[in-house]
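Encoded as structure tokens, the structure appears first; notes follow it.
Please treat every number below as a calculation from the coordinates, not as lab data. Note that the coordinates shown come from a computational prediction; the quantities given were computed from them, not determined experimentally. For neighbour counting, all protein chains shown are included, and Cβ atoms are generated from backbone atoms with ideal geometry for every residue, glycine included.
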2 protein chains.
Amino acid sequence: MSAQRDYAALVQRDLSLDLTRGKPSPRQLDLSDAMLGLPTSHLTAAGVDARNYGDLQGLPELRALFAPLIQVPAGQIVVGGNSSLTLMHDTVVHALLSTLPGGERRWVEEPQLTFLCPVPGYDRHFTICERLGITMVAVPMTADGPDMDVVERLVATDPTVKGIWCVPKYSNPSGIVYSDETVRRLAAMPTAAPDFRVFWDNAYAVHHLTDTPAELADLLALCAEHGNPDRAFVYASTSKVTFAGSGVSFFGSSPANVQWFLANTSKQSIGPDKINQLRHVEFLRDAEGVAAHMRKHAELIGPKFELVDKVLTERLGDLATWTSPKGGYFISLEVPHAREVVARAKAAGIALTPAGATHPYGDDPADRTIRIAPTYPDLDELEQAIEGLAVCVRLVAEELGA
Amino acid sequence: MSAQRDYAALVQRDLSLDLTRGKPSPRQLDLSDAMLGLPTSHLTAAGVDARNYGDLQGLPELRALFAPLIQVPAGQIVVGGNSSLTLMHDTVVHALLSTLPGGERRWVEEPQLTFLCPVPGYDRHFTICERLGITMVAVPMTADGPDMDVVERLVATDPTVKGIWCVPKYSNPSGIVYSDETVRRLAAMPTAAPDFRVFWDNAYAVHHLTDTPAELADLLALCAEHGNPDRAFVYASTSKVTFAGSGVSFFGSSPANVQWFLANTSKQSIGPDKINQLRHVEFLRDAEGVAAHMRKHAELIGPKFELVDKVLTERLGDLATWTSPKGGYFISLEVPHAREVVARAKAAGIALTPAGATHPYGDDPADRTIRIAPTYPDLDELEQAIEGLAVCVRLVAEELGA
């Protein structure tokens, strides 16, 4: 009955801790404070006045800076506003209302639309599908990415399958990196829908926690190589590089898709915030500047990931399993009765992402996955939160069985 | 034959002048250069860290600052990104994909959608309709705004009419200000569609050229007063207040519409660029700060409007008519054979907005309206351009008849 005693003590401490969202901590944001005084000039490399309208595709120098980091040629990158989620949402909306290259009709004219959702996955991807009436089908994740046998079978046989959501590097929430073979199969597989797309949310492209960065195969190049040049929609952003709310976002794809995308966004905007683009170029400078900046992030959040791993190892042992990512923002914890664990934690003042959020429709059939977001709290708060969470896991296992 | 001689001389001068778009001049942009070093703090008035995610509706202090200027209560304003055009486009998209308050179904499920377009009007409004498959019906403008007899008849009898585009103050391109009676009738008129909306693009709300600012009736309040609280969608931005490409935009409406709007945008974004919002608050400070800043703009562009008026008066006399706006960014010139005039001007190195752009589908049936955008060139270039344009008008009148 020690878990019950520990839980009673936990509740008495009247904590108020939040592990819900993948937010950078204030100290991480401090790393970019020099940006508040930038740019020092309003002129772009080409001498264009960045203060005025125009340049829908974004500054060439910013596209060139991020091209190698997100594996998209600079000419095939479009720089968006402060949110890659907006780019993803809007791409789906554009596809609903404007026929994709290779497509036969607008998606809104299809009787049914289906997206594959590797699970555990990112809840905001699922929310876009729910809002826009797209049916979601869960696909299990393996250590190499989505189970490609399942994916290949579904896309080959079902023409309503128009997309798959992927966070290929340091995946949200498991931290898994897609293997080269997974990426190759995504690029090469035959699909029943002529306008099938891989939504490649490379949110953590440069977000390494170790000195040996994970390598990700080049989806866009592989798609072209395998005769499916228009299959990949690539997304990235600096939301977790510079300021979470004031970064820049990137869309990358084939020339035909980029032309389609710009034809749509040209009706939506006269151009992006080029001053913020200049600010990013001046602050980050080049790929090595980005890498150096990301090492500072790793110094701040690496110890948090280690702490979570240490506490879970000490407190839970065989009661649970969890991932030990080499990058990204999340740890995926697998426990019995996840919903009940999250409820007990909440009652003890520890807010976690709702159990099930990692699955389409908020439904985790095994009721096992809890997403831990360790970056925002400081080390002391994080330790209290994970110790408390461990108490809840043990309590629920004791009450409901493991 | 003096016009032909003048035109030959004009062509020989090999000019390269651009009057196409309503862009602020570099000197206008200089007025806001202090913003490049702002904000000095990342904390909002409420002590929130503006660098991080969140606050979908936008900073309360920025909403409070603009509330009196755009005639929307602060609680009913949403602050968007750098473009009010994006807010307008996205509102139409949201209405297509998500049933409006008072509506019976999503617009995408309607067999036909129609928007009324007062002409001359703003080409980018028309482009949104064309892209999204919305039929446009032109409505003539009077000195008091759209011809309300026509508008009332169309909205009362045709349930496919879902919207009307309005630039109510210093209208694009005529400079007309809607009269109180026009605004009242827009608010009060019965409509066949239960989800009819007035798209109120108040782009030039604070953009006065004289010391006696035009007053605009409060559409949102009048709609509520007349039992149509959800009728008005209000838009504004600082694109022509601070930096054209790096301003902030505003959406304002009834509480029900704002809730609907935020429910949709919450799937699209985790929040706006709050650092840019803080930057605007710190730079503009309050309503009087905005007014003082706009007087500096007027000092720079007022003489340009006067110059155009002077040259047209001297050179064209009875051959043409044109507006003399008290604010905004455009002058509307009415000439015989507008298309031919624009073509001759182009051949002489003077770029004008295409004739017809002020009308839906680029079709000005009378072939009369030319939009003049005098703000960007300096005075000397502007004088050359308008002198040249006058030569073209006289030439074409001589060749084709007035």
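Numbers at a glance
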| item | result |
| --- | --- |
| Calculated P(r) of the protein assembly as shown - Cα pairs past 38 Å, % | 45 percent |
| Three-way shape call for region B:211-275 based on the alpha-carbon gyration tensor, with the a/c threshold at 1.5 | oblate |
| For region B:285-402: rounded, prolate or oblate by the Cα gyration tensor [a/c cutoff 1.5] | prolate |
| Tail beyond 21 Å, pair distance distribution of region B:48-196 (Cα, percent) | 53 percent |
| Under the span-like rule (Cα at least 18 Å along the axis, Kyte-Doolittle mean at least -1.0), DSSP H helices of chain B | B:84-97, B:287-316, B:379-400 |
| Residues with amide H under 5 Å from that of A:Val119, placed H, sequence gap 5 or more | A:Val139, A:Met141 |
| Other protein chain Cβ atoms within 10 Å, averaged over every residue that makes up B:243-252 | 5 |
| Separation in nanometres of the label points that stand 7 Å from Cα toward Cβ, at B:Ala34 and A:Asp286 | 3.7 nm |
| Selection of trypsin sites (Lys or Arg not before Pro), region A:63-115, meeting DSSP coil and at most 14 other Cβ within 10 Å | A:Arg105 |
| Proximal aspartates and glutamates relative to B:Lys267, as straight alpha-carbon distance under 12 Å, when same-chain residues fewer than 8 apart are discounted | A:Asp90, A:Asp123, A:Glu130 |
| Listed residue pairs exceeding 32 Å between alpha carbons, taken from A:Lys240/B:Lys23; B:Lys274/B:Lys346; A:Lys169/A:Lys310 | A:Lys240/B:Lys23; B:Lys274/B:Lys346 |
| DSSP beta bridge pairing in chain B, given as percent antiparallel to the nearest 5 | 50 percent |
| Estimated D of region B:145-232 in µm² per second, where Rh is the Kirkwood radius over Cα pairs and Stokes-Einstein applies at 10 °C, 1.306 mPa s | 119 µm²/s |
| Alpha-carbon centroid distance for the pair region A:1-71 / region B:276-303, whole angstrom | 29 Å |
| Pair B:Asp211, A:Lys296: separation of 7 Å Cα→Cβ label points (nm) | 5.1 nm |
| Pseudo-label separations to other copies for A:Ala34 - Cα-to-Cβ vector, 7 Å, nm | 2.6 |
| Efficiency of FRET between A:Arg153 and A:Glu104 - r from beta-carbon atoms, R0 30 angstrom, step 0.05 | 0.85 |
| Cβ-vector label at 7 Å, B:Gly75, separations to other copies in nm | 5.5 |
| Shielding by other protein chains, B:80-88, mean Cβ within 10 Å | 5 |
| Projected area averaged over orientations for chain B, convex hull of C-alpha atoms, nm² | 19.5 nm² |
| Mean residue ellipticity (222 nm) of chain A, computed from DSSP H runs ≥ 4 via -39,500 (n - 2.57), nearest 500 | -12500 deg cm²/dmol |
| Spin-label model distance (nm) - A:Arg5 vs B:Glu383, 7 Å beyond Cα toward Cβ | 9.4 nm |
| C-alpha center-to-center spacing [region B:189-243, region A:352-369] in angstrom | 44 Å |
| Region A:1-131: C-alpha gyration tensor shape, a/c 1.5 cut-off, then a/b vs b/c | oblate |
| Inter-chain Cβ neighbour average for residues B:262-273, partner chain, 10 Å | 6 |
| Neighbour count of at most 14 Cβ within 10 Å plus DSSP loop: longest GluC sites (Glu not before Pro)-free window in chain A | A:216-402 |
